[in-house]
Amino acid sequence: MQHRPVVLITGASSGIGKSTAHYLADRGYRVYGTTRKSPNNTGGEAVTLLQLDVRDEDSVRSAVRELLGLEGRIDILINNAGVGITGPLEETPHQACLDALETNFHGPLRVIRHVLPVMRQQQSGFIVNITSIAGFMGLPYRGIYSAGKSALGIATEAYRMEVRGFGIKMCTLAPGDYATNIASGRFHSPLLEDSPYRQSYGNSLKLMDDHVDAGNDPEEVGRKVYRILQKKHPRVHYTVGSPMQRLSLTLKRMLPDKIFERLLLKHYKL
Ligand SMILES: NC(=O)c1ccc[n+]([C@@H]2O[C@H](COP(=O)([O-])OP(=O)(O)OC[C@H]3O[C@@H](n4cnc5c(N)ncnc54)[C@H](OP(=O)(O)O)[C@@H]3O)[C@@H](O)[C@H]2O)c1
């Protein structure tokens with residue numbers, strides 16, 4: 001009998017991670033999600049939670065070890081854990097930039113490093129890194145978020161060529177706006193008393209929050225992940241989002257930079 005593929009998905013306590021975990025569990029995958037909190041498994045749940053903080057080497061090591069102890073293999077890794085950060089680049093504290101990049105860029109790479117030896121031994125594995133449509137363009141007042149997601153996308157391009165010979169597939173999935181807890185959990189840079197950005201940042205922040213609140217059901221991302229996992233030869237980058245959000249990528253690719261920038265300025269009323 002063929003085994004049920006074992007999935008490790010980081011950040012499965014809410015939002016996209018939780019929806020995706022349950023979507024896959026409903027379709028027969030054995031799904032292990034993660035949270036930084038102490039998990040409260042009773043034994044009967046569709047998705048078992050492990051404790052993991054992507055910023056902490058020991059925590060990643062012990063979660064991977066725990067999962068291997070339970071299942072003996074890891075077929076799929078979905079690097080989903082992530083945090084938001086907003087603020088004028090000039091005024092965002094250096095430590096806040098490092099913290100966000102630690103979670104959104106170094107964190108996924110850390111989890112991959114612990115999972116790859118297992119997949120290499122199996123001679124198979126599939127890694128999906130959740131990036132963002134915001135990672136394909138520098139968005140005003142989200143520069144650090146855009147940069148971290150963009151960096152993860154570029155690292156994925158390199159990584160997948162390095163591991164393909166071991167039978168391991170890797171790709172990114174960039175969501176548009178989805179209604180999750182990301183806005184409430186994000187780091188908002190405190191503005192300086194006499195900040196020259198106060199008004200324009202305020203306007204942009206309102207737009208960002210409206211977009212997330214009006215975002216689609218995160219289950220859509222779960223469905224997309226499921227479809228990607230069926231691919232024998234996955235593409236490098238996938239996107240999921242509203243037609244407008246996906247159109248922004250096409251425009252970014254096709255238009256001269258300054259014209260695209262003009263569209264963003266208009267959109268963000270800057
Ligand atoms: N929502 C959107 O519109 C949107 C758009 C594009 C991309 N994304 C990306 O999608 C992913 C999921 O975001 P979401 O919108 O579902 O946000 P969310 O509801 O805030 O969920 C974030 C998840 O990440 C976990 N997490 C945060 N920091 C962590 C850390 N240091 N180590 C391990 N886990 C951590 C949280 O778990 P605990 O707090 O329980 O530890 C939580 O389960 C993120 O990578 C985000 O950047 C979201």
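The values are calculated or read from the model by the stated rules, or taken from the named source; none is laboratory data. This is a predicted model, so every value here is computed, not measured. In this analysis, Cβ positions are derived from the backbone assuming ideal geometry, glycine residues included, and neighbour counts consider all displayed protein chains. Ligands, DNA and RNA are excluded from the accessible area calculation, which covers all protein heavy atoms including side chains. Shrake-Rupley method; radii C 1.70, N 1.55, O 1.52, S 1.80 Å.
Remarks
- With respect to being within 12 Å of the ligand (Cβ to nearest atom), in contact with a helix residue (DSSP H, G or I) (Cβ under 9 Å, 6 or more places away or on another chain) and part of a loop (DSSP other than H, G, I, E, B), T180 fits the description.
- Matching residues, the stretch 145-169, being open to solvent by less than 30 Å² (accessible area, probe 1.4 Å) and either of a type in the set (D, E) or within 16 Å of the ligand (Cβ to nearest atom) (or both): Y145, S146, G148, K149, L152, G153, A155, T156
- For the stretch 29-53, the set of residues classified as open to solvent by less than 30 Å² (accessible area, probe 1.4 Å) and more than 12 Å from the ligand (Cβ to nearest atom) consists of Y29, V31, Y32, listed by residue number.
- Subset of the stretch 25-34 [touching a residue at least 24 places away in the same chain (Cβ under 8 Å) and either in contact with a Lys or Arg (Cβ under 9 Å, 6 or more places away or on another chain) or charged (D, E, K, R) (or both)]: R27, G28, Y29, R30, G33
- Of the criteria (1) part of a helix (DSSP H, G or I); (2) within 24 Å of I228 (Cα to Cα); (3) within 13 Å of the ligand (Cβ to nearest atom); (4) not aliphatic (A, V, I, L, M), which one R113 fails: (3)
- Identity of the residue in the stretch 196-215, in contact (Cβ under 8 Å) with a residue 40 or more places away in the chain and either part of a loop (DSSP other than H, G, I, E, B) or open to solvent by 40 Å² or more (accessible area, probe 1.4 Å) (or both), that ends up nearest to M170 (Cα to Cα): N203
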